[in-house]
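The values are calculated or read from the model by the stated rules, or taken from the named source; none is laboratory data. All values derive from a computational prediction rather than experimental measurement. A quick note on method: Cβ atoms are made from the backbone with ideal geometry, for glycine too, and the neighbour counts reach across all protein chains shown.
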Amino acid sequence: MKKTTLADQTAASKAMEHMFSPEERLFEDEYSVKFISAFNRPFISMLQSKRLLHWMADLSEKIAPGVYGGLIARTRYIDDVIDKALGEGMETIVNLGGGYDTRCLRIGRMKEIDYYHVDQAEVIDKFSKNMAKLPMGIPDNVRFVSIDFDKQSLAEVLSNSGYDKRSKTLFIWEAVTQYISEEAVSDTLK
């Protein structure tokens, strides 16, 4: 699977969730649609029909029970954890395997802290280029950090990117460990 495909599929799911009415959706994400591939854009546009949107969500659950709902619930849960951490004086967020995650854009208070978006070079390259095209561009607090978890040390790549290990930091590691070696997981957690 191409490295950017998973990031694209996740962004498409989050864009789909944003199509639901404010009363139905679990989180706001007006930005994910900006990062999805040309292949997925027509699909998301079709979902402006609420009937088709609900049908697609139901079909997704029938085809792969728990996948869409789990991703959406996990996103909301992590958003809540971030909100709480920001309220408790968090200084830095490191998003490991961030893909096309748009929290640095859509959660306003995150603009007040250092944010490190860590992923494979191909994903970082595409995500940062697309973010630069947005009207607000790349927020000043966002740093993109390329890593190959199977070959590089997280501590080293973060240090080389200006990360201060003394800062109060929240690490997000969402849906990555199943794609890297057990040794890489262990080394990253050290």
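Only residues that are among the charged types (D, E, K, R) and crowded, with 17+ Cβ neighbours inside 10 Å were counted across the stretch 80-127, and they come to 6.
Only a single item in (1) closer than 15 Å to Asp8 by Cα; (2) exposed (fewer than 14 other Cβ atoms within 10 Å of the Cβ) is not met by Phe35, and it is number (2). Residues considered: Ala85, Ala73. Of these, the only one that is modelled with pLDDT of 95 or more, more than 25 Å from Phe144 (Cβ to Cβ) and of a type in the set (A, V, I, L, M, F, W, C) is Ala73. Among the residues of the stretch 156-190, write down those that are more than 20 Å from the chain's Cα centre (by Cα), within 23 Å of Leu86 (Cα to Cα) and modelled with pLDDT under 95. Result: Lys165, single match. Would you be able to say whether some residue in the stretch 48-55 is farther than 23 Å from Pro139 by Cβ, loosely packed, with under 14 Cβ neighbours inside 10 Å, under 20 Å from the mean Cα position of the chain (by Cα) and modelled with pLDDT under 95? There is no residue in the stretch 48-55 that is farther than 23 Å from Pro139 by Cβ, loosely packed, with under 14 Cβ neighbours inside 10 Å, under 20 Å from the mean Cα position of the chain (by Cα) and modelled with pLDDT under 95. Of the residues making up the stretch 126-152, those that are out of contact with any Ser or Thr (no Cβ under 8 Å at 6 or more places or on another chain) and either over 19 Å from Ala85 (Cα atoms) or aromatic (Phe, Trp, Tyr) (or both) number 18.
Before we move on, is Arg25 assigned to a loop (DSSP other than H, G, I, E, B), over 13 Å from the mean Cα position of the chain (by Cα) and either over 22 Å from Ile138 (Cα atoms) or among the hydrophobic types (A, V, I, L, M, F, W, C) (or both)? Yes.
Looking across the stretch 28-68, just one residue is without any contact (Cβ under 8 Å) to a residue 24 or more places away in the chain, hydroxyl-bearing (Ser, Thr, Tyr) and in a loop (DSSP other than H, G, I, E, B), and that is Ser49.
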